[in-house]
1. Looking at (1) away from the ligand (no atom under 12 Å from the Cβ); (2) buried (at least 21 other Cβ atoms within 10 Å of the Cβ), find the lone condition where SER343 falls short.
2. Do we have any residue at all in region 191-200 that's within 11 Å of the ligand (Cβ to nearest atom), touching a residue at least 12 places away in the same chain (Cβ under 8 Å) and touching a Ser or Thr at 6+ places or on another chain (Cβ under 8 Å)?
3. Just to verify a result, which residue in region 1-22, among those that are among the acidic types (Asp, Glu) and under 21 Å from the mean Cα position of the chain (by Cα), is nearest to HIS171 (Cα to Cα)?
4. Which number in (1) within 23 Å of GLN340 (Cα to Cα); (2) surrounded by 15 or more Cβ atoms within 10 Å (Cβ to Cβ) marks the one condition that ASP6 misses?
5. Kindly state which helices (runs of 4 or more DSSP H) lie completely within region 1-93 and contain at least 3 residues that are in contact with a helix residue (DSSP H, G or I) (Cβ under 7 Å, 6 or more places away or on another chain), of a type in the set (A, V, I, L, M, F, W, C) and under 21 Å from ARG124 (Cα atoms).
6. Can you tell me how many residues within region 169-207 are closer than 16 Å to LEU24 by Cβ, of a type in the set (A, V, I, L, M, F, W, C) and assigned to a loop (DSSP other than H, G, I, E, B)?
7. Has region 152-162 got at least one residue that is crowded, with 22+ Cβ neighbours inside 10 Å, in a helix (DSSP H, G or I), of a type in the set (D, E, K, R) and in contact with a Pro (Cβ under 7 Å, 6 or more places away or on another chain)?
8. I need a count of the residues in region 169-203 that are closer than 24 Å to ASP252 by Cα and touching a helix residue (DSSP H, G or I) at 6+ places or on another chain (Cβ under 6 Å).
Amino acid sequence: MDGLRDVVVAETVLSDVDGQAGRLVIRGFTLDELVGRIAYEQACQLLLDGMIEDLPAPEAMRHRLGEARVQAFAEVVALDGALAKRPPLDVVRALMARLEDGDDVQVAMRLLASPAVFAAAAVRAGRGLAPIAPDPTLGHAADLLRMLTGAQPAPAQAAALDAYLVTIIDHGLNASTFAARVAASTLAGLTSAALAGISALKGPLHGGAPGPVIDMLDAIGSPEGATACLEAALDRGDRLMGFGHGVYRVRDPRADALKRTVQGLADASPELPGRLKLAEAVEAAALDILKRRKPNRPLNTNVEFYTAVLLEALGFPHEAFTCVFASGRICGWIAHAREQVLSGRLIRPSSRYVGPAPREAA
Ligand code: ACO
């Protein structure tokens, strides 16, 4: 019962997380078979196939997602000065809440496109810059980077972000996906389900971890300082961000996929090799310390550690990392929400009352 660990609440054809073997399977493909081999649009097609009526064919997905970005951009008019002062995730959630609710392909495509469009606009608005309209002819990852900076990204940068979006597209019944399925099970509609998902994603124990990973790297500063700084953090009772997982008892396979992706970018920026060296030293020190201090609990690197290094290298400010996560995971939320509607029923668990008994009438 504790945090619903090991309680099976749904059957799914979408993804399987094997926490003992450190293996993630998405619709019959291992992560390694997908990352760097198919574009995010194709991964969306794979995940959503059979879940949404009239889903675009694989060859049409890129174009249709581009059109959907243009449609979602219409909502950016609501990003006023007051909203621009809020954290990017709050901005993205507020703009997503403006989208029409429902279960059809138009609603699904607009939702799929929306976190990327709104994340770029939120970052720019926070910097006092005007939003940049989508270019529907580009791939989703390349356009997200272009909407953020105003410049065409280098092919290696677009490919790295594309690999990231595929890596985090779906991951079993994590907290945000479960929240999306609960909302969907009431037949609330896809937009409501995605809003439940993004709200659950926000916290630092889930998708909010990579920003604090950067704070941790900055506080440590140099490889030599890693051990003392991490020991002090644990002495204070802090958790080391980017380590530990609710399901994996071995290394999160997504951490390796993202480490390879960020290593592939090392030539693209003069600062990145130094940052990577620091990250590797911090990772090694953290694993060593966690093994020593928590001998009964296998704690390994999770997806968020190299997510932080990668998204920083791609130019995202750390307060927007969770929005980029949402830009990929939105597809998983939609797929699970639809699967819940098609094959599940209202999710309504029970609780055990441990409060005071009612006073007997005198
Ligand atoms: N640093 C230090 N100690 C940790 C960490 C950590 N990162 N993670 C777990 N522990 C310890 C806990 O303190 C606890 O120790 P105790 O038994 O001595 O009290 C023990 O390990 C078990 O902790 P739980 O919270 O029960 O483990 P759970 O499986 O619920 O935790 C979680 C998973 C929330 C991800 C946790 O590992 C954590 O807080 N990690 C840091 C935040 C983070 O990286 N989040 C991103 C996760 S990936 C994602 O959601 C996309």
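The values are calculated or read from the model by the stated rules, or taken from the named source; none is laboratory data. Just so it is clear, the model here is predicted, and its values are computed rather than measured. Here the Cβ is made from the backbone with ideal geometry for all residues, glycine too, and neighbour counts use every protein chain on show.
1. Looking at each condition in turn, SER343 falls short on (2).
2. Checking region 191-200: at least one residue is within 11 Å of the ligand (Cβ to nearest atom), touching a residue at least 12 places away in the same chain (Cβ under 8 Å) and touching a Ser or Thr at 6+ places or on another chain (Cβ under 8 Å).
3. The residue in question is ASP16.
4. Evaluating ASP6 over (1) within 23 Å of GLN340 (Cα to Cα); (2) surrounded by 15 or more Cβ atoms within 10 Å (Cβ to Cβ) leaves (2) as the failure.
5. Here the list reads 58-73.
6. Summing the residues that are closer than 16 Å to LEU24 by Cβ, of a type in the set (A, V, I, L, M, F, W, C) and assigned to a loop (DSSP other than H, G, I, E, B) in region 169-207 gives 1.
7. No, region 152-162 has no match at all.
8. Total satisfying the criteria: 13.
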